[in-house]
Amino acid sequence: MKLIHIIFLFFFFSAFSQATDSERIGTWSVKNGEIIRNRSKNDQLAIYYWNEFNRIFPQELTKKYIKRIVLMTDGLDEKTGALVALSSKNDKWQLEIDVNDVNFYSKDKKRLHESVYTLVHEFGHLLTLNRTQIRPTDKKLQDEGELYLTLEGEAYKNSYINRFVNLFWKGALLNRWDVIQRKYCYTEANCVEKLYDLYLNNRTEFLTDYAAESPEEDIVESWTAFVLRPKIKKPRTIAHKKINFFYQFPELVEYRRMIRQNTRQYLH
């Protein structure tokens, strides 16, 4: 049984999603796919980041769902970006970008790759949590075999994340993850330690340690690998199978082709 916890929800958003005022460079509304200027000195910076995000990813999703962009920084390699729901209907989203971490002017190839990685990751959340994938619900409990329950709502049966969880988060793994949420995620330190242990004990199932944080992060880390890595011809681990999971969806194969084409200037 999976239980959505209010305490963990608070921790998740306070630790990973919300930029504090001291970190913020600025906030801009997005309307009809265009930045609404604030008449601030950073308007051009916001326009640059939004135009680049909108250029790289399918506009049928970016223009439809992204309604606000936040530029911030907390230094290098801390929080690199986030995607935050602005509506319980999952039809309005806020994109947050750390301008030090996502830097396409850098001459450092590693920084350029990490910049692309961050944006592909955040787009993955939009892809898997938008209103066509998740519906609002008041449910707090998910029993074995039921539709996957996220902080954003209940997954549709044929949603990407529901299929992903049914394949890769069966029984014991999901139960162990839920125990960690209930018993240890009252403090950030305990939560991070136990989730890292979950990763270490299941290394062949996760592509990164961050993927073990939740099924929502696992599918997005797997999506990012699907976009940026070659197809695994002979998958030997569950982690490899997670990369290949996305090839069954023609629309995602096309998104992959588009994103790789639109980011090749940064990756080669």
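Summary of values
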quantity	calculated
Cα gyration tensor, the range 210-250 - rounded (a/c under 1.5), prolate or oblate	prolate
On Cα atoms only, tilt of 188-200 relative to the major axis of the chain in degrees	70
Ranked HIS125, HIS240, criterion: other C-beta atoms within 10 Å, fewest first	HIS240, HIS125
Dipole-positive endmost among TYR117, ASN244, ASN202 within the chain (Cβ charges, Cα centre)	ASN244
Sequence ranges 39-45, 227-233, ranked by mean other-Cβ count within 10 angstrom, highest first	227-233, 39-45
Whole-angstrom gap from the range 57-102 to the range 128-156, using each part's C-alpha centre	21
Which of VAL220, PRO136, ILE180, positive extreme of dipole for the range 112-220 (C-beta unit charges)	PRO136
DSSP beta bridges in the chain [antiparallel fraction, %, rounded to 5]	75
Rounded to 10°, Cα long-axis angle of helix 215-228 versus longest principal axis of the chain	60
The chain: calculated mean residue ellipticity at 222 nm from DSSP helix runs of at least 4, using -39500 (n - 2.57)	-14500 deg cm²/dmol
Förster radius 25 Å - calculated FRET efficiency between ARG176 and LEU45 (Cβ-Cβ, nearest 0.05)	0.05
Most to least packed among 140-148, 58-66, 110-118, 211-219 [average Cβ atoms within 10 Å]	211-219, 110-118, 58-66, 140-148
Alpha carbon convex hull of the chain, projected area averaged over orientations, nm²	14.1
Cross-link reach list, aspartates and glutamates versus LYS109, counting only Cα pairs under 16 Å and skipping chain neighbours closer than eight places	ASP77, ASP101
Test item: Cα-centred dipole of the chain, Lys/Arg +1 and Asp/Glu -1 on Cβ, debye	1020
Three-way shape label, the range 114-161, alpha-carbon gyration tensor, a/c 1.5	prolate
Calculated FRET value between LYS107 and ARG257, using beta carbons and R₀ = 41 Å, to 0.05	0.90
C-alpha long axis of helix 43-56 to longest principal axis of the chain, angle in °	50
Cross-link table LYS170/LYS234; LYS31/LYS183; LYS63/LYS110; LYS31/LYS110, entries beyond 31 Å C-alpha to C-alpha	LYS31/LYS183; LYS31/LYS110
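Computed from the coordinates by the stated procedures, all read-outs in this text should not be read as laboratory data. Source: prediction; values computed, not measured. As a convention, Cβ positions derive from the backbone with ideal geometry for all residues, glycine included, and neighbour counts pool all protein chains shown.
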